Amino acid sequence: MVSKIFLLEVITIIYVDFSNGLNYLKDPAVNQAISEFLEQHPKLNDTLFYFFHPQTPIVICGVNQNVYAEVNLEYLKKHNIRLARRGAGGGAVYVDPGNLTYCFIDTDNGTNYQNFQLYAQPALKVLHKLGVDAIFGGRNDLTVNGKKFSGMSSLKIGSRFSCGGTLMIDVDLDAASKVLHPTKAKLASKGVKSVHSRVTNIRQYFKPEYKDITFDEIQDMMLKEVFKTDSLADIPTYKLTDQDFKDLNAIDQEKYGSKEWIYGPSEDDQTYHDQHFEGIGTVGIGFSVQNGFLVHPKIYGDFSLMSGNLGEIEDNLKGVPMNYDSLKEALHNSHLEKNIGKVSADAIAKMILDPNKSEVINS
């Protein structure tokens, strides 16, 4: 096993090869279980790197997102688009065979967890070689000419975490625009009116000699960049075994493939409010009101922090009178910074009470 220089650090990286389990990977839920599986793999303690190339159209939601508010479920079902939920934060994305996802698994050293820009560097370098004037912006986006073509997310289990992003190369933008239903707060934060107006495919930006480059060739370029080598044969590789795929499938069956995990609680009787907070993302809450008291609170959002306890906030809000002082006090006692990020009790209380923050719930 050879140590490689990566992002100015000397560390050992291993490429994880899934090529002998393509039948398993047809299930989008299995793909969402990969990060959790690798972070807990007893034999793999080094930095890992792998790709995910979707075989079918899928909408993948962040772990805390409200699918009823952010996905056009009618369009999704009509066009046989699969729905999945990852274990990481971030927002909903539409992926299909025109998309390529790359991901690192690493160990938290106190500076690298949630450092999206760090793990975006190999992708940016390859894209620059291809001719794309890509930049990192916002919390976790890659853009070109002001349009997003990549979003990144992260999942942490113990001291291990994943950090990866999508690359929109030949994605069906029309389908993406119709099946994704970002809330008005999220769109307003981006200064746009629709999904289509803020995203783009990147093949159009490739240099002429790369216009017809294949996904396999792009993967090869990424591998050479990550491992700082000109020879793919020199890359340390772990090929998943039959037992690995059985273990991966077990996580899928127990968690990621369940309807409860994918859809979350029904929103039939709930109001949903949300708001975008700079540096954190969108924070939302589903709730009902009975006799002037808040009931059935459920926190949602595309914020990336995964170590928080949203249940603590929800428990503190249950049965609280629907007035500013009571809500602020309950939220003040809910450790918002630790559980969501740097957002104030004042701001969340006002969001809950503001009818202008209401969003349409799809069925």
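Hey, what's the Kirkwood Rh for the range 226-291 if you take every pair of different alpha carbons, in angstrom?
Computed over the range 226-291, the radius equals 17.2 Å.
Can you say what percent of the DSSP beta bridges in the chain, counting only those with both residues inside, are antiparallel? Round to 5.
Counting DSSP beta bridges with both partners in the chain, the antiparallel share is about 80 percent.
Quick check: residue separation of L22 and D242 times 0.36 nm, minus the Cα distance between them. What number comes out in nm?
78.0 nm
Select from the range 29-94 those trypsin sites (Lys or Arg not before Pro) which occupy a DSSP coil region and have at most 12 other Cβ atoms within 10 Å, ordered by residue number.
Here the trypsin sites (Lys or Arg not before Pro) that fit, given the DSSP loop and packing criteria, are K43.
Which whole-number percentage describes the relative contact order of the range 59-136, with Cα contacts under 8 Å and a sequence gap of 6 or more?
Relative contact order, the range 59-136: 30 percent.
Please give the contour-minus-distance gain from L173 to K259: 0.36 nm per residue of separation, less the Cα-Cα distance, rounded to one decimal in nm.
Here the answer is 28.3 nm.
Please work out the FRET efficiency for the pair E312 and H128, using the Cβ-Cβ distance as r and a Förster radius of 41 Å; give the result to the nearest 0.05.
Here the calculated transfer efficiency is 0.40.
Against the globular-protein guess of 2.2 N^0.38 Å, express the Cα radius of gyration of the range 48-102 as a ratio, rounded to two decimals.
So the Cα radius of gyration is 1.16 times the expected 2.2 N^0.38 Å.
Which distance in nm do the two modelled labels at K207 and Y324 give, with both placed 7 Å along the Cα-to-Cβ direction?
Between K207 and Y324, the simple spin-label model gives 5.9 nm.
Taking one equal scatterer on every alpha-carbon of the range 1-133, how large is log10 of I(q)/I(0) by Debye at q = 0.09, 0.10 1/Å?
-0.32, -0.40
Just subtract the alpha-carbon distance of E217 and E74 from 0.36 nm times their residue separation and send over the number in nm, one decimal.
Gain on stretching E217 to E74: 47.8 nm.
So what's the range 99-257 giving for Cα Rg divided by 2.2 N^0.38 Å, two decimals?
For the range 99-257, the normalised Cα radius of gyration is 1.15.
Remind me, relative contact order of the range 69-190 in percent, using alpha carbon pairs under 8 angstrom and six or more residues apart?
38 percent
Go from 0 up to the bin containing the longest alpha carbon distance in the range 214-255, width 5 Å each, and give me the % of pairs per bin.
Histogramming the range 214-255 at 5 Å steps yields 5, 20, 16, 14, 11, 18, 12, 3, 0 percent.
Can you give the FRET efficiency to the nearest 0.05 for A347 and Q290, using r as the Cβ-Cβ distance and R₀ = 30 Å?
0.75
Expressed as cubic angstrom per residue, what is the convex hull volume of the alpha carbon set of the range 271-357?
Cα convex hull per residue, to the nearest whole number: 76 Å³.
Using only alpha carbon pairs under 8 Å that are at least six residues apart, calculate the relative contact order of the chain and give it in whole percent.
In percent, rounded to a whole number, it is 20.
Cut-off 10 angstrom, C-alpha nodes, Gaussian network model of the chain. Which of L248, L118, L83 fluctuates the most?
In this elastic network of the chain, the residue with the biggest mean-square fluctuation among L248, L118, L83 is L118.
So if we plug the beta-carbon distance of T12 and K147 into 1/(1 + (r/R0)^6) with R0 = 35 Å, what FRET efficiency do we get, rounded to 0.05?
The pair T12/K147 has a calculated efficiency of 0.45.
If each Cα of the chain is one equal point scatterer, what is log10 of I(q)/I(0) from the Debye formula at q = 0.07, 0.08, 0.11, 0.15 Å⁻¹?
Computed log10 I(q)/I(0) values: -0.31, -0.40, -0.76, -1.37.
All of the numbers you see were taken from the coordinates with simple rules; none came from a lab. Note that this is a predicted model, so its numbers are computed, not measured. Note that we place each Cβ from the backbone using ideal geometry, even for glycine, and neighbour counts take in every protein chain shown.
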